[in-house]
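Each remark here refers to the structure printed beneath this line.
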Amino acid sequence: MRSKAEHTETIHRERKAAVVVNTKSRRGRRHYAEVLRLLKERDFRLTGVHPVTDPSRLRDILTRALDSGPDLLVVGGGDGTLSSSVRHVAGRDVALGVLPLGTTNNFARSLGLPLDLPGAIGVFTEGKVADIDLGICGDRPFANLASFGVSVEVAGTVKPWLKRMLGRAAYPLTAMTILPRHRPFRAYITVDGKRHELLTHQLNIANGRFHGGWQIARDVSIDNRKLVAYQLGSGKRLRLLGETLVRATTGRWTSLAGGPFVTGQEMLLETDPPMAADIDGEVRLRTPLVLRTVPNGVRVMVPQSFEDT
């Protein structure tokens with residue numbers, strides 16, 4: 001593979017890119033033409049343009065886009081679309097260019113990207129190639145988050161019209177309707193031989209810095225070779241409700257050193273009862289699960305100010 005500096009120089013000079021945009025989503029459909037216009041205005045040579053009208057075909061479309069040999073794979077969509085894209089570029093000599101066209105845009109926020117299209121596309125010509133950590137849950141790569149508990153039900157229940165109307169606030173509001181009938185569970189997290197036990201309604205294990213559009217902690221990084229596990233609330237519904245409301249209205253979190261966090265490069269998660277895992281929006285696996293990071297597993301375009309370790 002090229003060095004990151006060589007890869008950056010090639011993208012800036014050659015501007016050879018393939019484009020994949022989830023036009024099934026409202027924002028993707030609305031901004032699709034603008035994406036192409038902005039890329040052409042910056043003299044990108046497009047090796048392929050792929051609107052995604054059927055999300056079930058996304059993986060095939062990503063494979064076809066990469067077969068055209070781009071230096072940069074530009075992907076527009078939400079965190080689910082981008083997580084699938086991360087899996088495709090992992091370990092390959094191609095960089096992922098992120099267009100934040102989702103509701104919460106957690107992955108884009110973790111990379112420190114502008115959330116407007118002109119700003120995000122400007123990163124492709126003025127930014128740099130960095131390699132960030134790739135999360136693995138069981139056998140599933142992920143970019144942002146694996147979550148367990150009430151959020152799994154929220155993901156399957158939140159109404160599209162509510163997301164369009166309220167954006168990221170739709171998730172905590174939906175959680176409030178589900179919480180009264182949700183039962184707490186016990187989670188056991190083993191890291192470096194130490195077993196942590198907790199009773200909760202919600203457990204998150206993050207690779208990225210953001211969840212629900214809010215920062216997890218001020219010193220979390222998507223490039224520090226660590227996963228961060230944390231619970232929202234305890235086994236008491238009112239405490240979860242209170243913490244969800246505080247987070248939704250303020251987004252405030254302490255540092256990893258002072259907060260309710262468990263960190264490590266590899267974790268064994270066991271739950272009682274067994275729980276489904278929501279892995280960047282896909283509910284596929286159940287506990288027990290091993291989660292780990294692959295350091296520097298994915299190349300992405302980021303602003304020059306991004307701290308690449």
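The values are calculated or read from the model by the stated rules, or taken from the named source; none is laboratory data. Predicted model only: the values in this text are computed from it and were never measured. A quick note on method: Cβ atoms are made from the backbone with ideal geometry, for glycine too, and the neighbour counts reach across all protein chains shown. Side chains are part of the model used for accessible areas, which takes the heavy atoms of the whole protein and leaves out ligands, DNA and RNA. Shrake-Rupley method; radii C 1.70, N 1.55, O 1.52, S 1.80 Å.
General observations
- Glu307 contributes about 140 Å² of solvent-accessible surface, heavy atoms of the protein only, 1.4 Å probe.
- Using the 1.4 Å probe convention, the accessible area of the stretch 1-133 works out to 39 Å² per residue with neighbouring protein chains retained.
- Theoretical gain in end-to-end length, Asp43 to Lys194 [0.36 nm per residue, Cα-Cα removed]: 49.0 nm
- Taking 0.36 nm per residue of separation and subtracting the Cα-Cα distance, full extension of the segment from Glu126 to Ala90 would add 10.7 nm.
- Mean Cβ count within 10 Å, highest first, over the residues of peptides 80-86, 22-28: 80-86, 22-28
- Placing a label point 7 Å from the Cα of Thr53 along the Cα-to-Cβ line, the residues of the stretch 12-47 whose backbone N sits under 19 Å from it are 19-36.
- As a rough guide to protection, the peptides 58-70, 293-305 ranked by mean Cβ packing within 10 Å, highest first, stand as 293-305, 58-70.
- Placing R0 at 45 angstrom, the Cβ-Cβ distance between Arg292 and Ala33 gives a FRET efficiency of 0.65 after rounding to 0.05.
- The Cα atoms of the stretch 1-95 cover 36, 30, 20 Å along the three principal axes, with the biggest extent listed first.
- Label-point gap, in nm, between Glu266 and Thr63 - each point 7 angstrom along Cα→Cβ: 3.0
- Relative contact order for the stretch 1-75, counting Cα pairs under 8 Å that sit 6 or more residues apart, in percent: 45
- Sites Lys24 and Arg225 - FRET efficiency at Förster radius 35 Å, r taken between beta-carbons, to 0.05: 0.50
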